[in-house]
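The values are calculated or read from the model by the stated rules, or taken from the named source; none is laboratory data. All values reported here derive from a predicted model rather than from experimental measurement. Virtual Cβ from ideal backbone geometry, glycine too; neighbours counted across all protein chains shown. Areas reflect the complete protein model, heavy atoms only, side chains present, ligands, DNA and RNA absent. Shrake-Rupley method; radii C 1.70, N 1.55, O 1.52, S 1.80 Å.
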Amino acid sequence: MCGIVGYVGKRNSQDILIDGLKKLEYRGYDSAGVAVYTTDGLQVKKSKGRLAVLESKLGEKPLSGTIGIGHTRWATHGKPSDENSHPHTDNSFKFSVVHNGIIENYISLKEELIAQGHVFVSETDTEVISHLIASLYEGDIVKAVQKAVSRMKGAFALGVLTEYEPDKLVAVRLSSPLIIGVGEGENFIGSDIPAILEYTRNVYILNDGEMAALTRDGVELMTLEGNFISRELFHVDWDIVTAEKAGFDHFMLKEIHEQPKAYRDTMGARLDESGQKVVLNEVGMTPEQIRAIRQVHIVACGTAYHAGLVGKSVIEKLARIPVETDVASEYRYRAPIITPETLVIVVSQSGETADTLAALREAKRCGARVLAITNVVGSSVAREADDVIVTWAGPEIAVASTKAYTSQLIAFYLFGLYLAQTLGTVDEAYIAEVAAGLQELPEKVESILAQADTIKEIAEQVSTHDNLFFIGRGLDYAVALEGSLKLKEISYIHSEAYAAGELKHGTLALIEEGIPVIALATQDDLFEKTVSNIKEVKARGAHVFGIHAEGDAELAKVVDHTFAIPATLPLLTPALSVVPLQLLAYYASLARGNDVDKPRNLAKSVTVE
Ligand code: M6R
């Protein structure tokens, strides 16, 4: 997720910008840059790579000036490169912009600007903003930004500087975070509080649809329509470490709470204006190529593999194409039957997992087309695949994957619908129903998160046990696997996920008095069968926590505790039912006093086979 810093005051802005960007490094980034207004006008320095690379460039020729903007980029549109790094400018070099978020309609805006004679030098959506503001400027930067923003669709936070008004910094927030720091004779902007905490503890938190004009002497807050707002200053008394986690105790908890945004961002412009049709411009397959697909192989590791298990059900149901899901470390060695009619989908949060990358290369060697679902633009997987669907979850810092998994599910739903649209395998009304259901998910996740305390109580009970089971059928089984992995990796409690109907073929022997069983029963058509399996473990003394869809009162009669997820289409339940399981793992780990974000023996990115 990109980081923004801005400064206007009396001090040397370059130092403050670099310092602020260092404080935002935890957000993840692949390039960095600053723009400073100097006696020679607006000067920009930027480069791919770590901040140290930028610092050494600045060391050779420092930028001297008391107003500037800085940025760490986490690539979305266009690979990490010097050209794609922010700040971006217009052709006259009089306007400079830093941006966090996505401009969904940037292609149409870019075409319009090119027709007016603007020349673009990067692949980014951000560069459109600097050109757009320049084209709308009539002597008032605040008004020009307001006009530009009224033309832009998407989620974004902006910092804007112009040489024409060199004492003013403009900040905008629409669904991407931005705060204003208020000092004595100096003011700041930042994506997050840590960026400015060394200089001031007084902040304004911008709400969606608000903007600010900053000079060294003051800050004006206003709506995007220009109506002034008065607001109390917020005094920050967190330390820097807490501030990095936005007040959450751990990155994992923060990332669990970021899921509604990750769902919205991943859907973004991929649903058209009617909200009923999927538009996947990033998938370059022609309808003929899609019709030629005879089988799909989904290949991934760990949590991404579990997302692939849901992906299998989604694609088979919507597109009626046979799908196999494989663990990447096994795939290559089982001599899979891959033909040019096979579509291989590799799923990887980091895009650098060695086994997944090796499977991708094997698939390409055999002539298959490869589609990557990844969270990191410019990663190895993204570069080597034929098509890439990026999950816009933002950087995931905790080793335990949460928002990346659920964003991968959203990507599978979108791709499944896209195939179905092209192949005509399900009727349009069902496509519209699934699309509508998808758009309701973020709010439903929020309502689950609001009940975190209930899950915490269950987790505290579970944390005293050394063994437990997760059971479910169909999609519930796929989610059970993910719930079990999450619990294992951060709480170190041994658990097994079982297809509920399979227990009686051996594993039922392990069920004894008091053993906790987490039973998922969200699938209407499998409900009664699952209830029978729950009764089998209850009869042997298990203590059962049941997860079911709201409005279904039956489960409570057979289990010890229930947790209801909001009702949705059965196909979409994994995107909700996994959330209580993530919280369960988190609170169980906490209760055991473990290092939640950095569990023992594990690494965030596994780059060895
Ligand atoms: O970066 P990737 O998605 O390729 O990583 C795959 C697995 O290593 C990863 O999902 C792992 O299982 C998670 N730590 C589980 O939370």
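Yes or no, residue by residue, for (1) among the aromatic types (Phe, Trp, Tyr); (2) open to solvent by 50 Å² or more (accessible area, probe 1.4 Å); (3) within 22 Å of the chain's Cα centre (by Cα); (4) assigned by TED's automatic domain parsing to the domain that holds Phe563:
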position	(1), (2), (3), (4)
Leu438	no, no, yes, no
Thr464	no, yes, no, yes
Asn467	no, yes, no, yes
Tyr492	yes, yes, no, yes
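Every residue, every condition in (1) closer than 30 Å to Ala432 by Cα; (2) within 16 Å of the ligand (Cβ to nearest atom); (3) not assigned by TED's automatic domain parsing to the domain that holds Thr303, yes or no:
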site	(1), (2), (3)
His505	no, no, yes
Ala521	yes, no, yes
Ile534	no, no, yes
Asp552	yes, no, yes
Thr573	yes, no, yes
Val579	yes, yes, yes
Val596	no, yes, yes
Pro599	no, yes, yes
Lys604	no, yes, yes
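Taking helices (runs of 4 or more DSSP H) as the structural unit, those lying wholly within the stretch 296-368 and holding at least 1 residues that are within 10 Å of the ligand (Cβ to nearest atom) and not small (Gly, Ala, Ser) correspond to 302-319, 354-365.
Within the stretch 291-320, the set of residues being touching a residue at least 40 places away in the same chain (Cβ under 8 Å), touching a strand residue (DSSP E or B) at 6+ places or on another chain (Cβ under 9 Å) and surrounded by fewer than 18 Cβ atoms within 10 Å (Cβ to Cβ) comprises Arg294, Gln295.
So Leu417 ticks every box in (1) within 16 Å of the ligand (Cβ to nearest atom); (2) under 22 Å from Val310 (Cα atoms); (3) touching a helix residue (DSSP H, G or I) at 6+ places or on another chain (Cβ under 8 Å) but one. Which box is left unticked? If we test Leu417 against (1) within 16 Å of the ligand (Cβ to nearest atom); (2) under 22 Å from Val310 (Cα atoms); (3) touching a helix residue (DSSP H, G or I) at 6+ places or on another chain (Cβ under 8 Å), just (1) comes out false.
A single entry from Ser532, Ser589, Ser577 fulfils the requirement of being open to solvent by 20 Å² or more (accessible area, probe 1.4 Å) and not in a loop (DSSP other than H, G, I, E, B): Ser532. Please verify whether Met267 is under 30 Å from Tyr106 (Cβ atoms), open to solvent by less than 60 Å² (accessible area, probe 1.4 Å) and of a type outside the set (Ser, Thr, Tyr), treating the condition exactly as stated. It is true that Met267 is under 30 Å from Tyr106 (Cβ atoms), open to solvent by less than 60 Å² (accessible area, probe 1.4 Å) and of a type outside the set (Ser, Thr, Tyr). Among the residues in the stretch 538-548, are any on the phi > 0 side of the Ramachandran plot, without any contact (Cβ under 8 Å) to a residue 12 or more places away in the chain and either touching a Gly at 6+ places or on another chain (Cβ under 7 Å) or outside the structural domain of Phe469 (by TED's automatic domain parsing) (or both)? No, every residue in the stretch 538-548 fails to be on the phi > 0 side of the Ramachandran plot, without any contact (Cβ under 8 Å) to a residue 12 or more places away in the chain and either touching a Gly at 6+ places or on another chain (Cβ under 7 Å) or outside the structural domain of Phe469 (by TED's automatic domain parsing) (or both). Those residues that are β-branched (Val, Ile, Thr) and either modelled with pLDDT under 90 or not assigned by TED's automatic domain parsing to the domain that holds Ala411 (or both), I need them from the stretch 378-398; list them, please. The answer is Ile397, and nothing else.
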